[in-house]
1. Looking at segment 1-26, which of its residues are aliphatic (A, V, I, L, M), assigned to a strand (DSSP E or B) and surrounded by fewer than 16 Cβ atoms within 10 Å (Cβ to Cβ)?
2. Out of the residues in segment 53-67 that are out of contact with any Ser or Thr (no Cβ under 6 Å at 6 or more places or on another chain) and of a type in the set (Phe, Trp, Tyr), state the one that is nearest to VAL35 (Cα to Cα).
3. Looking at GLU140 and the list (1) at pLDDT 80 or above; (2) not in a strand (DSSP E or B), which single condition is not satisfied?
4. Considering only residues that are at pLDDT 95 or above, touching a Leu at 6+ places or on another chain (Cβ under 7 Å) and closer than 19 Å to THR97 by Cβ, which ones fall in segment 18-46?
5. In the list ARG13, ARG6, which residue meets the criterion of being of a type in the set (D, E, K, R), out of contact with any Gly (no Cβ under 9 Å at 6 or more places or on another chain) and either at positive phi or touching a residue at least 60 places away in the same chain (Cβ under 8 Å) (or both)?
6. Test each condition in (1) in contact (Cβ under 8 Å) with a residue 12 or more places away in the chain; (2) farther than 24 Å from ALA39 by Cα for ILE81 and report the one that comes out false.
7. Which of the residues belonging to segment 89-136 are at pLDDT 90 or above and part of a loop (DSSP other than H, G, I, E, B)?
8. Would you be able to say whether some residue in segment 71-85 is touching a Phe, Trp or Tyr at 6+ places or on another chain (Cβ under 7 Å), within 26 Å of GLU140 (Cα to Cα) and not in a loop (DSSP other than H, G, I, E, B)?
Amino acid sequence: MTETSREVGVVLRRRVIDNPWIDHMWSPVTVLDDVPATAPWTVLSQDADATLYYAGRATIDLFSADTANYRDNLADGTPLIWVALRRQDGGAELELTKVTADPTEGEAMFESGTDVIGTVPMPPDIASWVAAFVDEFHVEQVFHKRKRDRANVDRRRGDDPSGSRKDGA
């Protein structure tokens, strides 16, 4: 049976930018399929205008109700992982809040006002894990067009269910 959760490591970049309101910008760089024993917020590399950090570990959870979304993500050619971080108490420190393979959930995070959100390419091992989950749990949903209840349509128009109209016509 395919596991429904998997821990990953997250690497972020803090880049210096030329902007009158903010002096830097955070963005996710990669998701590691093997979680290192490195402490969260360890500096991995640094140059004049950017610093790479190991942000820490996060869990990707898969749900059987979302298999169509995972399948669409995998079929897109370059599957993605969405990473969200939030500023703690309005300060400068970031908290890793969500990592997901569901594009619908990822897009909702963009709209939620989360402080830092971005996508990274899905590593091949994680893509294989997601594909195995989809193969095991996906059930194609058949679309059934609903038929309107004729009696309710007539009442809204002002018709009597017996067939005569209330306006005398």
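1. VAL16, MET25
2. Here the answer is TYR53.
3. (1)
4. PRO28, VAL29
5. Exactly one of ARG13, ARG6 is of a type in the set (D, E, K, R), out of contact with any Gly (no Cβ under 9 Å at 6 or more places or on another chain) and either at positive phi or touching a residue at least 60 places away in the same chain (Cβ under 8 Å) (or both), namely ARG6.
6. In the conditions (1) in contact (Cβ under 8 Å) with a residue 12 or more places away in the chain; (2) farther than 24 Å from ALA39 by Cα, ILE81 misses (2) alone.
7. Matches in segment 89-136: ALA101, ASP102, MET122, PRO123.
8. No, there is no match, as no residue in segment 71-85 is touching a Phe, Trp or Tyr at 6+ places or on another chain (Cβ under 7 Å), within 26 Å of GLU140 (Cα to Cα) and not in a loop (DSSP other than H, G, I, E, B).
The values are calculated or read from the model by the stated rules, or taken from the named source; none is laboratory data. Note that the structure is predicted; figures quoted are calculated from it, not measured. As a convention, Cβ positions derive from the backbone with ideal geometry for all residues, glycine included, and neighbour counts pool all protein chains shown.
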